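Presented below is the structure to which this report refers.
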Amino acid sequence: VHKKFLYAISGNDIEVFKLKTFTRITTMTGHKNPINAFVIHSSGKLAFSVSRDNYLMMWNMIKHKCAFRYKFNSLEMLSLNFFNNEKYLVIGFVNKVIVIDYLKNSEDY
């Protein structure tokens, strides 16, 4: 939930509902397999999702569209969260964790 909207994972997609009326206003599509995790930045302007298709997607939450996608040639991504005042994005895999400074486009392992 973020201010005016409610977001629900529906298989490969993210459904967007108007919070006040619970009316579906759009569907954010892009993943080819079920979504494992979805996290919204506190600003409400961006979000990230990971899926069984091995893609990390960054979403423009103003337009409800995919802004960027990156394919990991690794094990399935299972979890996703912000860390350290939302400066970093943490992605949990079966056997490792990756911390991404998504504002600087760099990775620390």
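The values are calculated or read from the model by the stated rules, or taken from the named source; none is laboratory data. Bear in mind that the values here come from a model prediction, so they are computed numbers and not experimental data. Note that each Cβ is placed from the backbone with ideal geometry, even for glycine, and that neighbours are counted across all protein chains shown. These area figures cover heavy atoms from the full protein model, side chains too; ligands, DNA and RNA do not enter into them. Shrake-Rupley method; radii C 1.70, N 1.55, O 1.52, S 1.80 Å.
Residue 73 fulfils the conditions (1) of a type outside the set (Ser, Thr, Tyr); (2) modelled with pLDDT of 90 or more; (3) within 25 Å of residue 104 (Cβ to Cβ) except for a single criterion, (2).
Residue 88 meets all of the listed conditions (1) surrounded by fewer than 16 Cβ atoms within 10 Å (Cβ to Cβ); (2) of a type in the set (Phe, Trp, Tyr); (3) under 23 Å from residue 104 (Cα atoms) but one, namely (1). If the condition is being touching a residue at least 24 places away in the same chain (Cβ under 8 Å) and either closer than 17 Å to residue 46 by Cα or in a strand (DSSP E or B) (or both), then region 75-91 contributes 77, 78, 79, 80, 81, 82, 86, 89, 91. Would you point out the residue of region 18-68, among those that are assigned to a loop (DSSP other than H, G, I, E, B) and polar (S, T, N, Q), that is farthest from residue 94 (Cα to Cα)? If we take residues in region 18-68 being assigned to a loop (DSSP other than H, G, I, E, B) and polar (S, T, N, Q), then 21 is farthest from residue 94 (Cα to Cα). Counting the residues of region 76-85 that are open to solvent by 40 Å² or more (accessible area, probe 1.4 Å) and within 14 Å of residue 58 (Cα to Cα) gives 1. When region 8-19 is limited to residues that are under 24 Å from residue 56 (Cα atoms) and touching a strand residue (DSSP E or B) at 6+ places or on another chain (Cβ under 6 Å), the one that is surrounded by the most Cβ atoms within 10 Å (Cβ to Cβ) turns out to be 14. When 38, 5, 22 are checked against the criterion of being within 14 Å of the chain's Cα centre (by Cα) and open to solvent by 30 Å² or more (accessible area, probe 1.4 Å), a single residue qualifies: 38.
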